[in-house]
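K.L.:
Pasting a structure here, questions to come.
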Amino acid sequence: MKLFDCHVHSSLSFDSNEPMENYVRKAVADGDEYFITTEHADLESYIFQGEDILADIEKQQRIVSQLNEKYPIKVLLGIEVGWKKSIHQRNMDIVKKYPFDMVILSIHETEQYDVAAPRFREGRTADDCYREYLDMGLEAIENFDDFDTFAHIDYVLRYVGHTDLSKHKEQLTGVFTKLIAKGKALEINTKTFPDPQAVERMEYIVSLYTSLGGKKITLGSDAHQISRHKNGFDKVIAALKVNGVDSVCVFVGRKEHTVCI
Ligand SMILES: [Zn+2]
Ligand SMILES: [Zn+2]
């Protein structure tokens, strides 16, 4: 099996205008065997005044099956579930309801705030914000079982500012240890590459996670437009090799497959 991008948004997500078909054409041209989109499910979202941010999954299924007919590639069905405690059961219900190939678990919001909004940062340092973000990540992983990979562990730092991850070694170790114990994968998210600070954080994350015995890594560009598809994968692969890792994983039908890099 060959590597493919495991975190992609199409125009079915509220924050993308890219038709799924454009990605599929590119993936075919790249010689990929598989293609997946992982559309947003952020229920009772702060940024939508408590309304659900939820892609039309039935429409996603229809487009996936049309593209499977039309192109020589296997198009898969994915979802990115934004977790918070108050919507835990509804998240579980959505994941159960559809035949997803892969489920990404994410933190985008606390119960009070969108972590990307300036109000989350107000009166606090990036380190304060990151401690809260990692606490929520651990809580999500402890409580939610029905996922395959945990996304963008440094997401909040895109918005509150960079920090040296070694200051958060203990909390990061807690999150990685829990993921490893549950047999779940860690996503390396390249959305803001080639930003040197994002690359520096990735190198720290890869080095700490692998030093703890972590072996399950997914690669996701978090592309919302085709120009970002597989963005920066070469940099992650180089860092993985430095740490003695020669494979990553992908999910098809919720089943893990190893891919050599
Ligand atoms: Zn996300
Ligand atoms: Zn995403």
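The values are calculated or read from the model by the stated rules, or taken from the named source; none is laboratory data. Model, not experiment: these values are computed from the prediction. Ideal geometry is used to build each Cβ from the backbone, glycine not excepted, and the neighbour counts take in all protein chains shown.
K.L.:
Kindly provide the set of residues from the range 49-88 that are over 20 Å from His152 (Cβ atoms) and of a type in the set (Phe, Trp, Tyr), ordered by number.
P.N.:
Once the filter is applied, which keeps residues that are over 20 Å from His152 (Cβ atoms) and of a type in the set (Phe, Trp, Tyr), the range 49-88 yields only Tyr71.
K.L.:
Considering each of Gly123, Gly137 in turn, give the residue that is more than 27 Å from Pro19 (Cα to Cα) and either away from ligand 2 (no atom under 16 Å from the Cβ) or basic (Lys, Arg) (or both).
P.N.:
Gly123
K.L.:
Another question about this same structure. Checking Thr37 against (1) touching a Leu at 6+ places or on another chain (Cβ under 8 Å); (2) at pLDDT below 95; (3) among the hydroxyl-bearing types (Ser, Thr, Tyr), which single condition isn't satisfied?
P.N.:
If we test Thr37 against (1) touching a Leu at 6+ places or on another chain (Cβ under 8 Å); (2) at pLDDT below 95; (3) among the hydroxyl-bearing types (Ser, Thr, Tyr), just (2) comes out false.
K.L.:
Which pairs do you get when a residue that is farther than 28 Å from Met1 by Cβ and touching a residue at least 60 places away in the same chain (Cβ under 8 Å), found in the range 64-93, comes within reach of a residue that is part of a helix (DSSP H, G or I) and aliphatic (A, V, I, L, M), reach meaning Cβ atoms under 6 angstrom, with the pair 6+ apart or on two chains?
P.N.:
Trp83/Ala140
K.L.:
Please determine, by comparing only the residues of the range 152-170 that are under 18 Å from Phe193 (Cβ atoms) and part of a helix (DSSP H, G or I), which one is nearest to ligand 1 (Cβ to nearest atom).
P.N.:
Residue satisfying both the conditions and the ranking: Arg158.
K.L.:
Let me confirm something: among Thr210, Thr190, which residue is buried (at least 19 other Cβ atoms within 10 Å of the Cβ) and within 16 Å of ligand 1 (Cβ to nearest atom)?
P.N.:
Thr190
K.L.:
Can you name the residue in the range 200-227 that is among the aliphatic types (A, V, I, L, M) and more than 16 Å from the chain's Cα centre (by Cα) and, of all such residues, is farthest from ligand 2 (Cβ to nearest atom)?
P.N.:
Per the criteria, the residue is Leu212.
K.L.:
Here is a check on your reading of the model: is Asn231 touching a residue at least 24 places away in the same chain (Cβ under 8 Å) and within 16 Å of ligand 1 (Cβ to nearest atom)?
P.N.:
Judged against the criteria, Asn231 is a match.
K.L.:
Just to be sure before I move on: is Met102 closer than 24 Å to Phe176 by Cα, touching a Gly at 6+ places or on another chain (Cβ under 7 Å) and surrounded by 13 or more Cβ atoms within 10 Å (Cβ to Cβ) in the structure I sent?
P.N.:
Yes; evaluated as a whole, the condition is true for this residue.
K.L.:
Filter the range 41-63 down to the residues that are touching a Phe, Trp or Tyr at 6+ places or on another chain (Cβ under 6 Å) and free of Cβ contacts under 8 Å to residues at least 40 places away in the same chain and list them by number.
P.N.:
Ile53
K.L.:
Of all residues in the range 94-131, how many are in contact (Cβ under 8 Å) with a residue 24 or more places away in the chain, acidic (Asp, Glu) and more than 30 Å from Glu256 (Cβ to Cβ)?
P.N.:
So the count comes out to 3.
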